[in-house]
Amino acid sequence: MAASSHNSPNPKPAFSKRRALFLGKDSDSIIKIFFGSNAMVAIVVLALITLFLFKEGAGFIGLYHKSLQEYRMSGLEYVDILKEQRDDYTELNRYLNDIKAEWMIGLKADGLTQAEISKKVFSPEAKGLFLGYMRVGSDLRQFVKQKMDVAIVSRDQHTTNQNLTETLNHFATRIANIETPSYRLNQEDFAKLRFLLRNSDQTERAESIEGNNTLSSEERAHYLELLNAEHAALSKSIQPVDFDAAILNVTDEQERYAHILTDLDLSIDKVLAKADAIDFGSAALNKRIETFKGLNVLYLSQIPAHRKQLANWDQHEPIANSRALGAFLTGKNWVTASDQQDWYGLLPLLTGSLLISSIALFFAVPFGVGAAIYVNQIAGSTERNSIKPYIEFISAIPSVVIGFFGVVVFGEAIRLLSQIDALSWVPFFPVQERLNAFTAGCLLALMAIPTIFTLAEDAINNVPRHLKEASYAMGATRLQTTMRVIVPTALSGIISAIMLGFGRVIGETMVVLLCAGNRIKIPDFTAGSGVFFEPVHTMTGIIAQEMGEVVHGSLHYRALFMVGIVLFFASLLINYGAQWVVKKYSKLGD
């Protein structure tokens, strides 16, 4: 009977049995709920991150607009126009000192002793040129500093008044609360009371209420008395600032400034005439002196336009809100904790990020895509099983370890290599900075290769097998099939892999923070290939470096969130672009 039941021609299938239920759900429903809820959690978390990012960054425009208004109303904008003329003169003076240094090096190379070099360099004619040029700008520097100090005082007093007003508002709120009989004092109130008692030489009384949670009516009245006294003292420290009156101390003395510029013009002409009496003994130095003279002619010719700009400057010219956003997106300076004016310009950080990303992709794309094609189409099984795990293992190395390797080993190796005499013909060698864009870019390329390799190989794997077999049937070689059939068919996936690799690179933080040099300056693209070896800063690096030091809710704090918003849109655009490429150019759906 048992045998007949086991050998029944129509046995009941096992899956028809009654399924176990858990909380009223079978296994299919549980699996569906689990994965569906995971997707929902991911969407909710992404939405919360997005809302938080935009919430914290949204106040930047208003705060920056207010800062720019104070910058103009206090006269610091006017002072910056004055500083342009002073800074141009400083650059010319630096150029002349560079000529002097080159002259001294040349004399030493000619075999002259130090005494002979000093006799030439410190001759009356040379001193008249070098020291004379340095002295002609002393009145200009002093005038600009005087006006800058006046503008800073009025701006700082205005900022102090704002902070004091905010503090007084907190005091008023606290006083109103204490005056309400039903109000129960909290720990902050007791801490404030103890602080006020100690400041009024009542230390013993402060210690007596340590840990107490209630106050008698007399102690509460005394607390109010201390708060009102503190409020009155703070109110007296506010010194109202009238920007309209204060600006007169900045923009006055126009005639004196005109005389300073006229004297500067005449003095420079006299000093430059002394250069003709100096024998530099070098055609290159003589050419640089002539260039220096031409630069001074150009500098002096700009004085009328400079004075016209000062005359047309208007303290009350309105500043649009869009200018605050424009100053952030197109600003060339990122200056924080300045005693004059803080600037939050994105361009130095954006160009640094793009420069490093370009270097990384330059190395990562050929190696990543090339390795994917070789491993998938050419390498044997033994080679494939050896190469693929090692490439993918790179992604498991912590970025801080790669950054540390760049600081200690790779950056120093590049700098030492550039000092080899055999490479002295390279225009930008030797490299002065071991931490630069090239060092960071090479290390980011190492981190991007596994991403590009894995995604590109997946794209190649998705090519239908019949296309490969048809190519072989028509007599094509393996190389011809790979390069003319497989790769073109998978091209959309490969491009998508490259774009996602770019997203991986531009969002990296630790490596660029450790290895890029962190100089907040737009790279000098006129230096040719040497620009790749300049220290730069990046958007991710500035957030990681400065977020821990800023005051919550401050302009600086919100500026960093604005940088984060730019990164958010960059990542969104890269991912959207990758999906668009796959959908539009994929040949698999044809």
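The numbers here are math on the coordinates, done by the rules we state, and not lab data. On a predicted model such as this, the values are computed, not experimentally measured, just so you know. FYI the Cβ positions are ideal-geometry reconstructions off the backbone, even for glycines, and counts take in every protein chain you see.
Can you tell which of M40, Y133, L555 lies farthest toward the positive end of the dipole of the chain, using +1 and -1 charges on the Cβ of basic and acidic side chains (Lys, Arg; Asp, Glu)? Value: M40. With R₀ fixed at 30 Å, the C-beta to C-beta distance from V44 to S554 puts the FRET efficiency at about 0.55. In a fully extended conformation the segment linking N186 and N312 would gain 39.7 nm over its present Cα-Cα distance, using 0.36 nm per residue. When both region 437-480 and region 517-583 are represented by their alpha-carbon centers, they are found 30 Å apart.
Protection proxy ranking of 346-352, 184-190, by the mean of other Cβ atoms within 10 Å over each peptide's residues and highest first, is 346-352, 184-190. Choose one of A470, F393, T482: the residue whose Cα lies farthest towards the positive end of the charge dipole of region 384-495 (beta-carbon charges +1 Lys, Arg; -1 Asp, Glu; about the Cα centre). In region 384-495, that residue is A470. With R₀ set to 51 Å, the beta-carbon distance separating K584 from V407 gives a calculated FRET efficiency near 0.75.
Note on L417/D242: beta-carbon distance plugged into 1/(1 + (r/R0)^6) with R0 of 60 Å gives a FRET efficiency of 0.45. Taking label positions 7 Å along the Cα-Cβ direction at both S529 and K287, the computed distance is 2.3 nm, reported to one decimal. A crude spin-label estimate for the pair F52 and L266, with each label 7 Å from Cα along the Cβ direction, gives 6.7 nm. Computed from these coordinates, which is Rg and Dmax of the Cα atoms in Å: (i) 24.4, 83; (ii) 28.8, 90; (iii) 35.5, 128? Checked against the structure: label (iii). Relative contact order of the chain: 17 percent, from C-alpha pairs under 8 Å at least 6 residues apart in sequence. Ordering 191-202, 471-482 by mean Cβ neighbour count within 10 Å, with the highest value first, yields 191-202, 471-482.
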